[in-house]
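Working notes, beginning with the structure itself.
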Amino acid sequence: MSGDGQLKLQAPKSRQSPRQSRRIRLQGIRKQALETGRNRLLVTGVVFTLAFLVIAGRLVSIMTFEQSGEPHAVRSAPSRMNVAVRADIVDRNGVSLATSLPIASLYANPSEVSNKEEAADKLSRILPELKRSEVLAKLKSRGGFTWLRRNLSPKKQYEVNRLGIPGLAFKRGERRVYPQGEAAAHVLGFTDVDGQGISGLEKQFDEMLSSGETLRLSIDLRIQDMLRQELTETMDEFNAIGAAGVVLDVDTGEALAMVSLPDFDPNVPEKSRGGKRFNRVTKGVYEMGSTFKLFTVAMALDSGVATLNDGYDASKPLHIARFTISDFHSKNRWLSVPEILVYSSNVGAALMALDVGATVQQDYLGRLGLLSPALIELPEVGSPLTPSVWRKINTMTISYGHGIAVSPLQMAGATAALVNGGIRRPLSLLKHQGLEAPEGERVLSVATSEQMRGLMRLVVTDGTGKNADAEGYRVGGKTGTADKQAGGKYDDKALISSFIAAFPMNDPRYVVLAMLDEPKGTKETFNYATGGWVAAPMVGRVITRMGSLLGLMPQLAAVSAEAKDRRLETY
């Protein structure tokens, strides 16, 4: 008690703060445990960080630096960005003819597939086109990589992925697709499973398409479909074993349509073995028969050997060595030059060719492109068959299309030069850029070309080509019928029947050719299977349809009976 009588409390000698109190309590075993946990957490964080960096680095390496070649067995396939996209092929109007779609292909690393029997069972159920035994053999094979199934649909890829089988993976790629199917199969060709062109334009322009540059063709899909439809129906009607057709622009050399039958679906080329892949328009060479009389008359007129007022004695067959040359429908009289063409006289053409001579004949046929392979952007091009020694008999038979074999494309190209003013222009399946026609080579005079247009018109109005007449379009042309050779002999039951036309003859724009291989006559054709009966009507239908499609207005004009009677006299 203090001196003033009050009681005083003494403070403790020392006071500890709460923090100091906690520090005291964390001494010893507890402190050591905390430090140990803290160190472990730090180590774990470092390990996770390093693992993340390794994974991130691996992903960057895969997506950026690795090539898109054959996938390694234990990694995912390259990203789509590393897959080169093959460019499209389109027609002259931009309609897609060939394009590429992304696809996935299934592969396996056999060493990573644990239960191979079960995996084979599941895969063969989802992909029934795969044989279980073959899948199992692949899964049991040695090595780190084996293909199981290429070109999976997204649905099938999803179903396989759901199986969750270790060791299976997908390689991204692309599949070539042809939206129009068979429509232009021989022109386009197709690619292999690795996307490399192996026929047609796909092969010819493989490097260009692989670099991503679109290929625009001269082909007009509308005319292509039209020509194919007419050829197919005619081939079926006359039970022919094949057919070919082509439409050319006479001023540019562009092919607006090119059809060879039978054809195939380039989407499933494995189903087109054998003759279906054979391009009859460019690869096939045939004796084209009387269509060659166009060139015989043209070279006679152009060289000055004959005029339209001249003529030849076709009253009887010609006998040379062991050969006899006669007419199918003989007039048994002297025929003028126009009549030789209009009535398709073999005798008259042979006599005219003798006047022209072998040297001049070869010169003109060479200039018209009939003695060398056609120049066109396709790898499938046939070489013409010509005599090794050009004898007198060869000169005579070639005058009417026997003893020489050319492709239908060569025939069409040479005819274009006859009617376009005498200029032979390069043929092309690519659309020309610009308005000017490509340069060509003069092979006939303008005057001769004008005369040939008039004569070709007469063949349709008054001769063997009447069935090709398309009202309003002034069609001109020439029929052709040739016996095929079999075993070194000609078979008069196996024919090559054709018709070559141009229109409109007052200012020709297009050449149309149709050829039937071994057609059979019908009751409606009085059992005839010649060019005038089987090919000419089809060409007339094509011209009528494509004329209106291309905006060519029919030129309707009344022709009096008296004028018709005077037409032959005019020439």
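Miscellaneous remarks
- Gyration tensor verdict on segment 225-570 (Cα atoms; rounded if a/c is under 1.5, prolate if a/b is larger than b/c, oblate otherwise): rounded
- Taking a straight line from the alpha carbon of residue 478, these lysines sit under 16 Å away, with near neighbours fewer than eight places off in the same chain left out: 293, 466.
- Fully extending the segment from residue 553 to residue 239, taken as 0.36 nm per residue of separation minus the present Cα-Cα distance, adds 109.6 nm.
- Listed residue (426, 347, 306) projecting farthest to the positive dipole end of segment 287-444, Cβ model: 347
- The label-point distance for residue 49 and residue 323, in a model that sets each label 7 Å from Cα toward Cβ, rounds to 9.6 nm.
- Each principal axis of the Cα cloud of segment 80-216 was taken in turn, and the coordinate range along them, longest first, works out to 54, 25, 23 Å.
- Amide H contacts of residue 217 (H built 1.01 Å from N, under 5 Å, at least 5 apart or other chain): 90, 91, 92, 431
- Rough spin-label spacing in nm, given labels placed 7 Å along Cα→Cβ, for residue 441 and residue 142: 6.2
- Here is the P(r) of segment 299-408: all C-alpha pair distances, binned every 5 Å from 0, give 2, 11, 21, 21, 19, 13, 7, 3, 1, 0 in whole percents.
- Segment 145-248 - Debye-derived log10 I(q)/I(0), Cα point model, q = 0.10, 0.19, 0.22 Å⁻¹: -0.48, -1.02, -1.18
- Fewest-first ranking of 187, 342, using other Cβ atoms within 10 Å as the exposure measure: 342, 187
- Note on segment 153-216: with charges restricted to the Cβ of Lys and Arg (+1) and Asp and Glu (-1), its dipole about the Cα centre is near 420 debye.
- Computed about its Cα centre, the charge dipole of segment 225-570 is approximately 600 debye, with only Lys, Arg, Asp and Glu carrying charge at their Cβ.
- Listed residue pairs exceeding 18 Å between alpha carbons, taken from 493/520; 392/493; 203/283: 392/493
- Using a simple spin-label model with pseudo-atoms 7 Å out from Cα toward Cβ, residue 101 and residue 268 lie 1.5 nm apart.
- For segment 231-245, putting each phi into the Karplus relation 6.51 cos²θ - 1.76 cosθ + 1.60 with θ = phi - 60° gives couplings of 5, 4, 5, 5, 4, 5, 4, 9, 6, 7, 8, x, 7, 8, x Hz, in residue order, rounded to whole numbers and with x for Gly and Pro.
- For 503, 295, order by how many other beta-carbon atoms lie within 10 Å, fewest first: 295, 503
- As a proxy for reagent exposure, ranking 158, 343 by other Cβ atoms within 10 Å from fewest up yields 158, 343.
- Viscosity 0.692 mPa s, temperature 37 °C, Stokes-Einstein D of segment 378-476 from Kirkwood C-alpha radius, µm²/s: 204
- Pairwise FRET efficiency - residue 112 versus residue 385, Cβ, R0 = 51 Å, nearest 0.05: 0.30
- Eligible aspartates and glutamates near residue 122 by straight Cα distance, threshold 19 Å, same-chain separation 8 or greater: 112, 134, 159
- If R0 is 25 Å, the Cβ-Cβ spacing of residue 375 and residue 216 corresponds to a FRET efficiency of close to 0.80.
- Euclidean distance between Cα centres, segment 503-518 to segment 324-349, Å: 23
- Qualifying trypsin sites (Lys or Arg not before Pro) for segment 255-329 [loop in DSSP, other Cβ within 10 Å: at most 13]: 273, 322
- Extension gain, residue 193 to residue 334: 0.36 nm times the residue separation minus the Cα-Cα distance gives 44.4 nm.
- Within a straight-line Cα-Cα reach of under 17 Å, residue 156 can be paired with the following aspartates and glutamates, leaving aside sequence neighbours fewer than 8 residues apart in one chain: 121, 129, 174.
- Average projection area in nm² (convex hull over Cα atoms of segment 228-282, one quarter of hull surface): 4.5
- For segment 191-333, the mean projected area of the C-alpha convex hull, equal to one quarter of the hull surface, is 14.4 nm².
Any read-out appearing in this document is the output of simple, stated calculations on the displayed coordinates, not a laboratory observation. Everything numeric here is computed off the predicted structure, so don't read it as measured data. Every residue, glycine among them, receives a Cβ derived from its backbone with ideal geometry; neighbour counts consider all protein chains shown.
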